Amino acid sequence: MRTIIKNGLIYDGSGKEPYQANIVIENDRISDIIRFDCTMADTVIDAKMCAVTPGFIDSHRHCDIAAIADSTFGDIELAQGITTTLSGNCGLTPFPSVESTRRQLYDFIEPCLGKASESMKLSGFIDYITQLEKAKPYINVGGMIGTGAVKIAVKGFDKTPFTKWQMDRARGYLAEAMQAGAFGVSAGIMYSPECYSSTEEFIELIGEAAKYDAILTCHIRGEGDILVASIEEILKISREADIPLNISHFKATGIQNWHKTISKAIDKIETARVSGQDVSVDFYPYLGGSTTLMALIPPTALADDLYETLSQLSTLSGADRLKKEIYRQHKDWDNMVLAIGWERIIISSVTKDQNKRFLGMNMQDITEKFGYADAVDFLCELLVDEHAKVGIIVMSMAQEDVDIVAQLPYPMVISDSLYGSFDCPHPRLYGSFAKIIRDYVMERKVLSLGNAIHKMTKMPADRFKIADRGTLAVGSYADINIFTPEKLIDNATFTKPKQLCYGMDIVLINGEIVWKDNQRTGKSCASVLRLK
């Protein structure tokens with residue numbers, strides 16, 4: 001099959017100035033880019049007055065389960081031009097899993113990844129890739145392996161260090177994933193049980209992945225008061241394990257850190273880059289983050305078992321202990337409650353009907369409206385009732401800080417989308433990439449269009465070694481977006497988040513038109529990707 005896209009203004013993903021030309025597609029790849037007119041083709045697309053770009057690559061979506069279990073997966077993504085994504089971020093993967101701790105793992109990750117069916121038993125990365133191939137997702141999907149899931153498979157939520165036998169087993173899981181085509185290894189040092197691991201333990205574990213052509217991505221230990229120390233830690237891990245590093249959703253959280261801490265963190269990163277260390281970061285274009293309500297509980301108030309933690313929180317003594325721990329600073333853990341206050345923490349997902357009345361409300365208003373003596377009392381009650389399956393939005397950032405990160409030459413655009421059972425999800429799930437173009441390019445001019453597209457296409461493709469995607473060049477796969485930049489709108493807001501983007505005229509994946517007139521065309525031709 002031969003397709004020609006003619007008369008478009010081509011932004012090839014390199015960040016260079018756009019140019020007008022015609023793109024010739026033979027089957028699934030670009031065979032030529034020519035400036036003279038040609039019409040001999042099975043399909044001719046007139047892209048006059050439109051931008052023609054590579055399909056956008058979101059290297060950070062928590063779509064591990066959605067990609068294999070949700071038949072609608074792809075609609076939200078294609079509406080904003082995402083043709084390729086990587087799952088397996090922040091250490092939170094549904095694999096490896098073992099019988100003894102599988103249900104704890106799946107309950108723990110549900111607010112971020114969504115509900116795993118009772119039949120889902122993913123023993124490792126190979127099982128996951130096999131399920132992806134069976135599901136045939138509507139966009140290209142590749143994966144990483146999370147060290148949090150590895151640790152839970154090896155030793156549950158236990159706080160103690162790995163024994164030699166456990167470390168060997170954990171490294172074995174990483175080796176299996178790397179050999180099977182994982183694009184990298186992700187860590188979530190902020191989350192239990194990884195928060196108990198020392199820097200040295202991470203160096204030893206990550207060293208296994210360093211043997212392969214992969215990358216380490218990391219949700220660092222803290223993004224607020226201990227941001228700079230956390231940057232120093234992950235730089236040390238990467239340097240001593242000898243593995244390239246990408247720092248996930250780079251930001252400075254907490255009101256007292258706004259307008260000052262981000263520059264100190266950038267200095268640490270740029271010093272490392274100048275010294276030759278292979279370091280990058282990514283960011284999303286919103287001032288609020290999203291995570292699980294469990295993330296608010298200090299490590300000192302967690303038990304060695306998720307269900308034991310919930311059991312403790314169900315008692316008066318457990319709630320009193322949590323109050324003592326949550327209302328004080330911790331040396332190696334960022335306290336989000338003290339950093340931004342209960343009024344900036346919003347309930348975004350629950351599983352039970354009786355708790356849906358709390359959706360979209362902040363914790364301070366809930367405490368006052370429903371007569372709780374303290375927000376901690378509500379937190380304990382909700383976590384216990386929901387078996388820890390609660391998602392939250394935290395309004396924790398300053399626009400000036402996000403803009404500073406966006407304008408650096410090395411950050412990629414991501415969404416950090418969560419796929420829990422959301423009635424009130426973070427709008428980044430629906431709108432991140434269109435928001436970059438509307439807000440950061442067209443309206444506030446923080447970025448040029450060419451630079452923004454580079455951060456959403458070629459930069460992540462190069463960083464994660466996603467072969468032959470992310471650029472419009474002869475020989476590349478024909479993943480292509482066609483749209484008018486002024487008309488691409490992100491409709492999702494914090495109050496009305498479940499709204500598709502509008503204005504992505506045509507999207508092609510592997511040479512086929514899969515999105516047109518704001519809906520799927522019915523064609524499915526995407527690929528399950530592996531690192532080669």
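Coordinate-derived values only; no laboratory data. The shown structure was predicted, so the numbers you read here are calculated from the model rather than taken from an experiment. Positions of Cβ are backbone-derived with ideal geometry, glycine not excepted, and every protein chain shown enters the neighbour counts.
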Cα atoms only: what Rg and Dmax, in Å, come out for segment 453-532?
14.4, 44
Can you give me the Cα centroid spacing of segment 470-510 and segment 49-102 in angstrom?
15
Taking only the alpha carbons of the chain, what extent do you get along each of the three principal axes, in Å, biggest first?
76, 51, 48
Distance in Å, no decimals, from the C-alpha centre of segment 179-201 to the one of segment 373-403 is 23
Size of electric dipole in the chain: Cβ of Lys, Arg +1 and of Asp, Glu -1, about Cα centre, debye, nearest 20:
540
Residue 524 versus residue 117: modelled label distance in nm, points set 7 Å from Cα along the beta carbon direction:
1.4
Positive-end residue, the chain charge dipole about Cα centroid, Cβ charges, pick of 333, 184, 319:
184
Charge dipole (debye, nearest 20) of segment 293-395; +1 at Cβ of Lys and Arg, -1 at Cβ of Asp and Glu
220
Stretchable slack from residue 72 to residue 399, in nm (0.36 nm times residue separation minus alpha-carbon distance):
114.5 nm
Per residue Cα convex hull volume for segment 182-255, in cubic angstrom?
82
Loop-located trypsin sites (Lys or Arg not before Pro) in segment 189-296 whose Cβ has at most 15 other Cβ within 10 Å (DSSP):
211, 260
With the dipole of the chain defined by +1 on each Lys or Arg Cβ and -1 on each Asp or Glu Cβ, the option from 65, 166, 514 whose Cα lies farthest towards the positive pole is 514
In whole angstrom, note down how far apart the Cα centers of segment 325-356 and segment 408-435 are.
20
Using a simple spin-label model with points 7 Å from Cα along the Cα→Cβ vector, what separation in nm is obtained for residue 256 and residue 98?
4.2
Between residue 473 and residue 364, the FRET efficiency computed from the C-beta separation at R0 = 56 Å comes out, to the nearest 0.05, as 0.60
Counting all Cα-Cα pairs in segment 393-521, those more than 25 Å apart amount in percent to 29
Cα-based convex hull, segment 293-395, per residue volume (Å³, whole number)
91
Ranked by how many other beta carbons lie within 10 Å on average, peptides 318-328, 435-445, 472-482, 52-62 from highest:
52-62, 472-482, 435-445, 318-328
Would you mind checking segment 8-38 for residues with the amide N under 12 Å from a putative spin-label position 7 Å along Cα→C-beta of residue 462?
13-16
Pairs over 22 Å Cα to Cα, from 155/465; 487/516; 16/458; 151/264, come to 155/465; 151/264
Using the Kirkwood formula over every pair of different C-alpha atoms, what hydrodynamic radius in Å results for segment 1-148?
17.7
Residue 328 and residue 130 label points (each 7 Å along its Cα→Cβ direction) are spaced in nm at 5.0
Which whole number in µm²/s is D for segment 194-311 by Stokes-Einstein, with the Kirkwood Rh taken over Cα pairs at 37 °C and 0.692 mPa s?
210
Dipole-positive endmost among 310, 295, 362 within segment 293-395 (Cβ charges, Cα centre):
362
